[in-house]
Each structure stands twice: as structure tokens, then as C-alpha cells.
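I have placed the structure first, in the form of C-alpha cells, so that the comments after it can refer back to it.
The values are calculated or read from the model by the stated rules, or taken from the named source; none is laboratory data. Note that this is a predicted model, so its numbers are computed, not measured. Because the Cβ atoms are built from the backbone with ideal geometry, glycine has one as well, and the counts that use them run over all protein chains shown. In case anyone asks, the SASA skips ligands and DNA or RNA and just uses the protein heavy atoms, side chains included. Shrake-Rupley method; radii C 1.70, N 1.55, O 1.52, S 1.80 Å.
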Amino acid sequence: MTGLARLTADQERDLVVAAESGDLDACRRLVDAFIPSIAALARRFPDGIGVQRQELLQEGVAGLLFAARRYDPGLGTPFWAYASYWVRKAMQDLVAELTMPIALSDRAVRGLSSIRAARDDHLRRHGTEPTIDELARATGLDRDQVARLLAAARAPRSVEEPGGENRDGAIAEHVRDAHAEQAFERVLDDIEVREVRDLTERLAEREQAVLRAHYGLGTPAQTLQQIGEALGLSAERARQIESGALGKLRSALARPAPRPGTT
Amino acid sequence: MSTDITALQHQALVYDSLDEYVVRAAAFLREGLEHGDGAVVAHTRAGIAVMREALGADADAVRFVDVGEAYTRPAHTLAAYHDVYADQLHRTPSLRAVADVQFGPDPGEWDLWTAYEAVFNESFAHLPARVLCTYDGSRLPERILDAVWRTHPTVLTEDGARTSDCYEEPDQVLRRIATPSAPLPQLRSIGFGRDAEEFRERLAREMNLAGTPAGRSLDMLLAATEVAANAVTHGGGIRDVRAGSAGGRFACEIVDAGPGFDDPLAGYLAPRAGSGSGLWIARQLTWSLEFFHGPRGFTAQILL
């Protein structure tokens, strides 16, 4: 499936590439298009595992944007087929992270071992993945314990309940969701703060102004003469400021690690 | 006193369970910490939480890296690690790192990350670091696990460290999986101009016409400046520059007048004394950088 059925493959590709390039509007449109699918994946995680639905959605959105930063359209894989892996993984990692300490005890390891044995037995007998209730009955653990242990062990598929009202994924993926909308806004706000790559932020204000004006970065391009006049400088001085700024960025990007014995 | 190491040791561990990962990775890091090494752990946030728990008070001395931020493109990942390692080596004379490589769901990109593992051997060859790459043997496909032995000189097994007898030189790995590049027909000639400044002005004009975000335009200007400088210094001058949008990305091709070079590792070596860093900069700022012999001459193709 695609969350962008109304777009052509080229349009979808352009949107993903623009999102990867740091275009925030593209990020918003991409998330907007796929939020129903993200919400559908989030609904596959059962209640009672110690992770709020809102948190799952936020992780899912972050997973989608990570996928956009990594996705290579040249490989020919449809975007959602690729991104859904990272969305699901982000949610699984969150569940594992928030429920992790229990997995480290000896008791938890023994519990997991019995769950795995029960799962294998169920698969042998029925040829299908057991539900959490079935695993709870088979192991004598309560339902919540089973869910937490599975999450902690990153055994995700059996955690993702296909049952109940979300059994029909095709329908669930297109249901709008108020929680999802909030998650979308929150994650994008966060990204706006920390992920937009703009090297000029490493420069002094005057250096930024010269570079942006000279090359028309978010502002009409000007000659060094015009820039100098606006700043009360000569064109040559403006050129020196630009050259210094480029050198500063270069040094920052090519800073070598100290050699052994020099620290 | 730190462990006696003067160059990179790149090792791998294939683990069967999270418990095994935790036990062995924590032991590896603790041994270093006891000897004054710095320590780095790169994993998912969940994996980091497990390691924090297992390391207890020792976790305070460990630098944690969220792989969800770092593993986007191999060159970007190398740059992210380089920043972390350089920072750490300002504090300690040597370091140990445990890193869980993120291969992703698409078999088409597995070669890319296998190449990354191969390149890692050369990128950080000069650093006093023991890096243990960890692979989840219960989840990763056979093809990826096979490649572990080709890209790591040493693999930790239940019986201890084993020298790989099928390790391949990084340039061999890269050559085998390389896909041929060709000039992009969508681009148009914009020429180089009088000097680097005019070259940047021309390129910026094209990016503005293409609607490239301002922050990313600067990335391309810096990257292209480095590639062009390389062509002028080593390529006998610039014959042509072509630019425009292709496949949804802004692209720039710089054709030089020289015989070209054949080095698949170009731009992947982390900055070090006696080695230029221009192509390293260009790779970390862009989506891809390829070199090939085109009909008009040796060509550097940069995709933003």
C-alpha cells in the first residue's frame, strides 16, 4: 500500500527526497500522508505494556522521518514498504526501552524462556502465532507480564496483536486519529529545533549575512560590492569575510582526531 | 594506564541473544575502562538502556550514541563516529567502542552497509581504538552474517578471538559491489567560470532556480568547492560543470582534464595528518559522490 495513493511514484519520491533534504514542509506533508498507517501500526501494540499510545505514535513519526533520511528511491522499493520497518522498529525499541529493566533479572530470563517454549509449541500445534492471552495461559504468567517480557526481548510480532477492531489493517490504516495528529506536531516541532542542518549556524552573524546574501540563500543574491555597501565595508573586505567563513566551516568539518600520545 | 594500542582494531561479535550481547559487550568495555580507555556504545535507545543498566555506575564514563541518528548514509555515519571518537580521544589516549550496525529491511541496501563495514577499517585505521561491531545473529539474514567475516579482521567467538581467513581488503569489497555510474542526461552545462567564487555563484543560481532549501544549498556549495579544488589541483583543470535536478535531487557534475584516479576509498578516510580532507567533507555534506570516466572526461558526480 502507499499512504500517498493520490500521488504518482515520482511525486512520492520527490516528497521523500525533499524531506531528507531538510525541507520541513515536505516533512509535514510526508508525515501527514502516512500518519494513518503509523497509527495502524501503533494500534497493534496492546494496552497494558507500560507505554502510552501517544508515545508510540511519536516514535513512529520519528521512525518515518529516519526512513526518509535513509531511503534510496533508486533501489525501487516502495517507500512505505521500506519505512514501515523503521516505524515498527522505532515503536518496538521504545517499548523495549521503557520496559527493559525487567528483562535483566534472572527471573525475567526464565520467564522469557518459558514464553518462547510456549510460542514454539503453539506454532507446532496450530501453525499460527499465539496471542498474548494464549501465551499467558500456557505459561501461568499474567497477561501484563507476558507483554512486558516480549517487549523487552524485542520479540515484536507476537506483541503486535492483529485481533479486535484493528484486524482489518486496510481499514485501520485509513482511520484518522487525534492522538496521531498531536504526535505529528510534537515530533516535527522537535525536529525543527534539532535536525535541520544549517552550517551557517556555526558562523558569526556577519559571516552568515555575507554568505547568504552573496549566494542568495533564502534572500536575493547580491554582489560583494552591494553586500559591502550594505555593511559599510569594501567589496574586498566582504570577500575576506566570506573566505574566512568558508575556511571556518571547512576546518570544523575536517577536524582531525588527536594522534596517539598527544593527549 | 591505558591499554597499549596505536592503531584501529576492528572486531565483530555475532550474538544469539540480548543477554549474550550485554554480557560480552559490557565485559569488553569494562576491561578498557579499567585500563583508562574511553568507552563508546552505539545502539538503539532500547539497546542503550540495556547497556546502561548492565554497566551500572560505569555507565557514567561511557559515551552513548543513538544509532537512530547516525545510520543514514555510510559517509554520514563515519563522520558521526569520527566526531565522537575525536572528542573522546581528546580526553583519553585510546578508546573502546561497541557499535550495533543498522542494516535495514531492504536487501538492496545491505551491500551499502557491508561496504561501510569494509571502509571502516581504512577510515579509522590511524586511531588508537578497539571497535567491536555487534550483529544480532537471531534476526539478521545469512547474507549479512557471512559478510561479517569478510569485513572484520577478527571475530569474537565462544572460543575467543578468531582471525578471519576470508577477510577482504576494503577496496576489493567496494569494487565488487560498485554499480557503474554515468553522466545524468537531465543536467545542463553551466561552466566553471573565472574562479571558485564565480563557480559557486553559478551553482547557487541553479539551486535557487531548482528550489533547493538554503541550508542544503550551502552544503552543496561547500562540497562542490572541495571537489572542484581537487580537480584543479590533481585533475589538470576543469573542463566543464553540469548541474540541475535529477531523480528528485539537485546534482552537479564536474568534469576535469586529467587522467582521473581509481580509488574507491576516496573521501572515506577520516581527516589525518598528511592526507587531504576535501573529499571527506564533500561526502559528509551530500547524498552521494561518485567518480567515473565519462565521454567528456573524468567526472565527479555529486548528488545532494
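Table for the structure above
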quantity	calculated
Counted residues, the stretch B:105-138 - those being of a type outside the set (Ser, Thr, Tyr) and in a helix (DSSP H, G or I)	14
Qualifying residue in the stretch B:65-72 (condition: in contact with a strand residue (DSSP E or B) (Cβ under 6 Å, 6 or more places away or on another chain) and either among the aromatic types (Phe, Trp, Tyr) or assigned by TED's automatic domain parsing to the domain that holds B:Leu145 (or both))	yes
Enumeration of residues in the stretch B:282-293 that are open to solvent by 10 Å² or more (accessible area, probe 1.4 Å) and part of a loop (DSSP other than H, G, I, E, B)	B:Trp287
From A:Asp32, A:Asp25, A:Asp10, residue being more than 14 Å from chain B (Cβ to nearest Cβ) and surrounded by fewer than 16 Cβ atoms within 10 Å (Cβ to Cβ)	A:Asp32
Test: residue in the stretch B:54-73 that is within 11 Å of another protein chain (Cβ to nearest Cβ), within 19 Å of B:Ala125 (Cβ to Cβ) and open to solvent by 10 Å² or more (accessible area, probe 1.4 Å)	no
Residues that are open to solvent by less than 70 Å² (accessible area, probe 1.4 Å), of a type in the set (Ser, Thr, Tyr), under 16 Å from B:Leu221 (Cβ atoms) and more than 7 Å from chain B (Cβ to nearest Cβ), drawn from the stretch A:214-263	A:Thr219
Filtered residue count, the stretch B:10-53, keeping only those that are closer than 23 Å to B:Asp159 by Cβ, within 13 Å of chain A (Cβ to nearest Cβ) and not aromatic (Phe, Trp, Tyr)	8
Filter result for the condition that a residue is at pLDDT 95 or above, surrounded by fewer than 21 Cβ atoms within 10 Å (Cβ to Cβ) and within 16 Å of B:Ala266 (Cα to Cα), over B:Glu122, B:Glu117	B:Glu122
Enumeration of residues in the stretch B:186-222 that are of a type outside the set (Gly, Ala, Ser), open to solvent by 50 Å² or more (accessible area, probe 1.4 Å) and either touching an Asp or Glu at 6+ places or on another chain (Cβ under 6 Å) or in contact (Cβ under 8 Å) with a residue 24 or more places away in the chain (or both)	B:Gln186, B:Arg188, B:Arg202
Any hit, the stretch A:46-63, residues being free of Cβ contacts under 8 Å to residues at least 60 places away in the same chain, more than 14 Å from chain B (Cβ to nearest Cβ) and closer than 25 Å to B:Thr212 by Cα	no
Test result for B:Leu184, touching a Cys at 6+ places or on another chain (Cβ under 8 Å) and at pLDDT 95 or above	no
Check on B:Gln102, more than 8 Å from chain A (Cβ to nearest Cβ) and farther than 26 Å from B:Asp16 by Cβ	no
Residue selected from the stretch A:80-121 under the condition in contact with an Asp or Glu (Cβ under 6 Å, 6 or more places away or on another chain) and at pLDDT 80 or above, by the criterion nearest to the other protein chains (Cβ to nearest Cβ)	A:Tyr82
Verdict on B:Thr92 being open to solvent by 10 Å² or more (accessible area, probe 1.4 Å), in the same structural domain as B:Glu34 (by TED's automatic domain parsing) and more than 22 Å from A:Thr77 (Cα to Cα)	yes
Residue ID - surrounded by the most Cβ atoms within 10 Å (Cβ to Cβ), chosen from residues in the stretch B:1-26 that are more than 25 Å from B:Ile144 (Cα to Cα) and of a type outside the set (Ser, Thr, Tyr)	B:Ile5
From the options B:Arg242, B:Arg249, B:Arg296, B:Arg272, residue that is within 14 Å of chain A (Cβ to nearest Cβ) and open to solvent by 20 Å² or more (accessible area, probe 1.4 Å)	B:Arg272
Residues of the stretch A:5-53 classified as of a type in the set (Phe, Trp, Tyr) and under 14 Å from A:Ala83 (Cα atoms), total	1
Sole exception among (1) open to solvent by less than 20 Å² (accessible area, probe 1.4 Å); (2) assigned to a helix (DSSP H, G or I) for B:Leu279, by number	(1)
Hey, B:Gly236 out of contact with any Phe, Trp or Tyr (no Cβ under 8 Å at 6 or more places or on another chain), more than 13 Å from chain A (Cβ to nearest Cβ) and more than 20 Å from B:Ala178 (Cα to Cα) or not	yes
